[in-house]
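The values are calculated or read from the model by the stated rules, or taken from the named source; none is laboratory data. What you are looking at is a predicted structure, and each value in this text was computed from that prediction instead of being measured. Because the Cβ atoms are built from the backbone with ideal geometry, glycine has one as well, and the counts that use them run over all protein chains shown. In case anyone asks, the SASA skips ligands and DNA or RNA and just uses the protein heavy atoms, side chains included. Shrake-Rupley method; radii C 1.70, N 1.55, O 1.52, S 1.80 Å.
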Number of protein chains: 2
Amino acid sequence: MATIGDVAREAGVSRSTVSAVLNGRKLVLPETRGRVEAAIAKLSFSVNAGARALATARTMTLGVVVRFHEAEFSPALATYLVALSDAARESGYSVMLLTEADGEAAVRSAIAGRRVDGLVLLNVVEDDPRMEPIAASGFPAVLIGMPQDTRGIDAVDLDFAAGARLLVDHLAEVGHRRATFVRWPDDLYAAGSTYAIRFAAAAREQASGRGMTLEEVPCAVGPEQVRSALGEELLRREAPGALLVHNDAAVAMLPFALHDVGLRVPADRSVVSLHSAELARLYALPFTSVESEPEAVVHTAVELLVRRIDAPDEVPVARLVAPHLERRDSVAPPA
Amino acid sequence: MATIGDVAREAGVSRSTVSAVLNGRKLVLPETRGRVEAAIAKLSFSVNAGARALATARTMTLGVVVRFHEAEFSPALATYLVALSDAARESGYSVMLLTEADGEAAVRSAIAGRRVDGLVLLNVVEDDPRMEPIAASGFPAVLIGMPQDTRGIDAVDLDFAAGARLLVDHLAEVGHRRATFVRWPDDLYAAGSTYAIRFAAAAREQASGRGMTLEEVPCAVGPEQVRSALGEELLRREAPGALLVHNDAAVAMLPFALHDVGLRVPADRSVVSLHSAELARLYALPFTSVESEPEAVVHTAVELLVRRIDAPDEVPVARLVAPHLERRDSVAPPA
DNA sequence: CTGAAAGCGCTTACAG
DNA sequence: CTGAAAGCGCTTACAG
């Protein structure tokens, strides 16, 4: 591989001048710049990222710390990773995958090894142990997820509370006074899944504010459990005429469960849901819904992180991405 | 951050000695080594990966080049990425995500920038353009996928042909003489998906060798299309008593399609399938099947790539991972 | 067994 | 506007 020295020799200038051209500094005569560029092309030179990193103390790479939670390990992860890599590239950064089972250790060693300029923590939960080494060191980072205490770390997430309000309002506006709230199983809330907690709290509050009753059905994620739980609820006497769903497994099965018991949407039941964009893509779900916005969330995360790398001492920010309602005619006034 | 110089000073030795300890070289007196280790711990020193990379001309990172194919962008991708990162870490490597839409450009710039020691190409198709810059430069790489012409590049994949034979044999052994082969849509084969091509060819050959007739039903991936295609086939007069499925979308829907038309497995239909491990995890599919083996495939890929980095001139190897049959009592003799 | 020196490929003041 | 020099934090022959 050609080095900057080879280019300098070829162009008949010094290495500093080549460097100036490389970094787009002004104050290089057009004629000189032209010679350097020709030499670069001729030798198909490309700067050695590692050497530049050593000289500038900037690696221009971001680490993404994936968190494992067997039950949640979802199809959405790839979407986030790819979107993150794309967003990073737009800002001139590469992305390194950090997947140690022990996320806290992954964070510590990433900081210590200085291979990255900043960290993105995916799928952050309440009291996430990965926050500790970051809070302690002040290393640039951004959380995806919105725990109550962000420990002074920048954080971004979809505004799940606003999503819940949009959906509840949509049901209330056509006259529903009761809805079945098909939600995640209790242990997910207990495990501190911030999005689940925020959605549920806002749904309850908004429903109560609008004089609406929510009947909650927690739903485990196994296909059989989901199917029987849904079937039972749908066949129940006095079941509400509307379903508010926040559970990816349940919403994926819902069309089949409805079909099983011969109920039509929206004639027999109104359905609204908040689910991941990836799920919508895979299943073409026919429900009016709020979808996660992985691109927007991740784009904001990269923006905050890059800013944080440049200005480590500014005050931490928390940003919620506004959700929007995708209408799909699955809601009608109650019978 | 502490540098190797700080450690040397603290321990009262030279930087070379610290380096020798760091790299586990023998010929350091235990006493000296102890002093150095104490200093490292005291200063919580950690070697700067970039500086080491510059000095050794080894980045100790692998690039993974994700390929986009809208229709295929599958839940399995995350599994491969995480497994890859884990396998790489075991060998002392990190993983960098390369996601440019233009995979060929991604490969070129990864090679030019020297940020990685080797490349893993995910989901390689026939005549994959990403192979070109690798073949031209001899840069260490490994294909996941097995095109007919690997261009001299190491390659690994599940042995889809062997998987097809296992499944066909399993049906033939209990006496099936006819089976519906629910497969991918034609355009996937046309696009050069090597796994689909190899599976189909082997299935046909094995069936014909065992005197079995395969009636092929290509199945598009949209949920509605899948459902109606399956429903139609299941209700067809004279439909075979067995289904051989190689289509993730179809197999995910199959339990519902069977339920729709009131057919039981294996009493009314025998079913065998080859599908991704991720799908099996998400849906707990009740069929005897061969599943993709992402961990084994990726582990082998890393092994080959690391070896290739160390020995660039050895002859290229192609490795097929043996599949195994997971029995789930979905096969019975024909009625 | 340990240390001094050179070098990896860049960037960045600082002269001129 | 351009070049010479020092330095980023390591490793690796080479002396001793």
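Annotations for the structure displayed:
- Residues (within 39 Å of the chain's Cα centre (by Cα) and not basic (Lys, Arg)) located in the stretch A:4-39: A:Ser19, A:Ala20, A:Val21, A:Leu22, A:Asn23, A:Gly24
- Number of the condition not met by B:Met60 [criteria: (1) within 27 Å of A:Arg67 (Cβ to Cβ); (2) of a type in the set (A, V, I, L, M); (3) away from DNA strand C (no atom under 16 Å from the Cβ); (4) touching a Phe, Trp or Tyr at 6+ places or on another chain (Cβ under 9 Å)]: (3)
- The residues in the stretch B:195-213 that are open to solvent by less than 10 Å² (accessible area, probe 1.4 Å) and closer than 24 Å to B:Met253 by Cα can be counted, and the count is 4.
Listed here are the residues, each with its yes/no results for (1) under 21 Å from the mean Cα position of the chain (by Cα); (2) in a loop (DSSP other than H, G, I, E, B); (3) not basic (Lys, Arg).
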residue	(1), (2), (3)
A:Asp260	no, no, yes
A:Ser273	yes, no, yes
A:Arg281	yes, no, no
A:Pro286	no, yes, yes
A:Val290	yes, no, yes
A:Leu304	yes, no, yes
A:Arg319	yes, no, no
A:Pro323	yes, yes, yes
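- B:Asp169 at pLDDT 95 or above and outside the structural domain of B:Arg210 (by TED's automatic domain parsing): no
- Summed over the stretch A:7-22, the residues that are within 14 Å of chain B (Cβ to nearest Cβ) and more than 6 Å from DNA strand C (Cβ to nearest atom) give a count of 1.
- Restricting attention to the stretch B:93-111 and to residues that are open to solvent by 20 Å² or more (accessible area, probe 1.4 Å) and in a strand (DSSP E or B), the residue that is farthest from the other protein chains (Cβ to nearest Cβ) turns out to be B:Leu98.
- Positions within the stretch B:281-294 being over 19 Å from B:Leu171 (Cβ atoms), open to solvent by less than 40 Å² (accessible area, probe 1.4 Å) and within 11 Å of chain A (Cβ to nearest Cβ), in sequence order: B:Tyr283
- Taken together, B:Arg114, B:Arg89, B:Arg130 contain a single residue that is more than 16 Å from DNA strand D (Cβ to nearest atom) and open to solvent by 10 Å² or more (accessible area, probe 1.4 Å), which is B:Arg89.
- One residue from A:Val261, A:Val271, A:Val251 being more than 14 Å from chain B (Cβ to nearest Cβ), touching a residue at least 12 places away in the same chain (Cβ under 8 Å) and open to solvent by less than 50 Å² (accessible area, probe 1.4 Å): A:Val271
- Of the residues in the stretch B:116-133, none is facing chain A (nearest Cβ under 10 Å), farther than 23 Å from A:Met1 by Cα and part of a loop (DSSP other than H, G, I, E, B).
- Conditions (1) exposed (fewer than 15 other Cβ atoms within 10 Å of the Cβ); (2) of a type outside the set (Gly, Ala, Ser); (3) within 12 Å of chain A (Cβ to nearest Cβ): number failed by B:Arg25: (3)
- Sole exception among (1) within 18 Å of B:Arg115 (Cβ to Cβ); (2) more than 9 Å from DNA strand C (Cβ to nearest atom) for A:Tyr80, by number: (1)
- Test for B:Glu10: is it in contact (Cβ under 8 Å) with a residue 24 or more places away in the chain, open to solvent by 50 Å² or more (accessible area, probe 1.4 Å) and assigned to a helix (DSSP H, G or I): yes
- Picking from residues in the stretch B:227-248 that are buried (at least 21 other Cβ atoms within 10 Å of the Cβ) and in contact with a strand residue (DSSP E or B) (Cβ under 6 Å, 6 or more places away or on another chain), the one that is modelled with the lowest pLDDT is B:Asp248.
- For the stretch B:17-32, the criterion of being touching a residue at least 24 places away in the same chain (Cβ under 8 Å) and of a type outside the set (A, V, I, L, M, F, W, C) is satisfied by no residue at all.
- On inspection, B:Val306 passes the criterion of being within 30 Å of B:Thr59 (Cα to Cα), at pLDDT 95 or above and away from chain A (no Cβ under 14 Å).
- Total residues in the stretch A:28-52 satisfying the condition of being at pLDDT below 90, loosely packed, with under 15 Cβ neighbours inside 10 Å and within 14 Å of chain B (Cβ to nearest Cβ): the figure is 1.
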